[in-house]
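All remarks here apply to the structure that follows.
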Amino acid sequence: MRIHTRASGNDAKLHETTKGMMAMAEPIIKLGSKGEAVKNAQKALIERRYLPPGTDDGVFGPVTQNAVIRYQTDRSPGHSWAFSFPLKVDGIVGPATWFRLTPETVKRGSKGSGVRLLQEILKHYADPQLDPGAIDGDFGPHTETAVKAFQASHVDFNGNPLKADGIVGPKTWAALWS
């Protein structure tokens, strides 16, 4: 499988991945990087409480690097939040970290790694109302019911109730702590 990543300018690169992640991703960013991709990563880290609000300045400095390392550590092998998509702890936001930090929007009928991650997170709650059924990467009726139950009982980063529509977009992913 391949991930398309935006390189500088309008050129696109293909990155191979062993996890079968298919998504338009951001470029690889690390200490010293600047720009919109850094700002996007910082916003996602803020929404998951790894950075304080207002620190999305588009500059990948030591504070952002430390937040990325903490985020990756919580999702690294041996940690319960790693699921089937563990992250390497390197302080670099590459394809695997982007996949976890900004997963693609999924909804009923979606299939693939994003759905599998969603199902694993929901199953992790060990709440019968949030049980998506089989972890099979297929967003069917059981997963949709579980997502709606999660959304009905959770709020977004700003404390607003999630819309219980069964669509897992950026606000729901952040609430799920992807």
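The table for this structure:
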| item | result |
| --- | --- |
| In the stretch 28-48, the residues that are within 17 Å of the chain's Cα centre (by Cα) and either open to solvent by 40 Å² or more (accessible area, probe 1.4 Å) or modelled with pLDDT under 95 (or both) | Ile28, Lys39, Asn40, Lys43, Glu47 |
| Of all residues making up the stretch 54-77, the number that are more than 18 Å from the chain's Cα centre (by Cα), of a type in the set (A, V, I, L, M) and assigned to a helix (DSSP H, G or I) | 1 |
| Every residue from the stretch 100-112 that is open to solvent by 20 Å² or more (accessible area, probe 1.4 Å) and either closer than 18 Å to Ala44 by Cβ or part of a strand (DSSP E or B) (or both) | Thr102, Glu104, Thr105, Lys111 |
| Lone unmet requirement of (1) open to solvent by 20 Å² or more (accessible area, probe 1.4 Å); (2) not in a helix (DSSP H, G or I) for Leu51 | (1) |
| Qualifying residue in the stretch 162-177 (condition: in contact (Cβ under 8 Å) with a residue 60 or more places away in the chain, part of a helix (DSSP H, G or I) and open to solvent by less than 20 Å² (accessible area, probe 1.4 Å)) | yes |
| Members of the stretch 129-145 that are farther than 16 Å from Thr172 by Cα and in a helix (DSSP H, G or I) | Gln129, Pro141, His142 |
| Every pair of residues 6+ apart whose Cβ atoms lie under 6 Å, when the first sits in the stretch 89-118 and is without any contact (Cβ under 8 Å) to a residue 60 or more places away in the chain while the second is part of a loop (DSSP other than H, G, I, E, B) | Val89/Ser76; Thr97/Leu87; Arg108/Phe139; Ser110/Phe139; Lys111/Gly137; Val115/Gly137; Val115/Phe139; Arg116/Gly137 |
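The values are calculated or read from the model by the stated rules, or taken from the named source; none is laboratory data. Since we're looking at a predicted model, the values are computed, not measured. We place every Cβ from the backbone using ideal geometry, glycine too, and count neighbours over all the protein chains shown. Heads up: the accessible areas ignore ligands, DNA and RNA and are worked out on the full protein's heavy atoms, side chains in. Shrake-Rupley method; radii C 1.70, N 1.55, O 1.52, S 1.80 Å.
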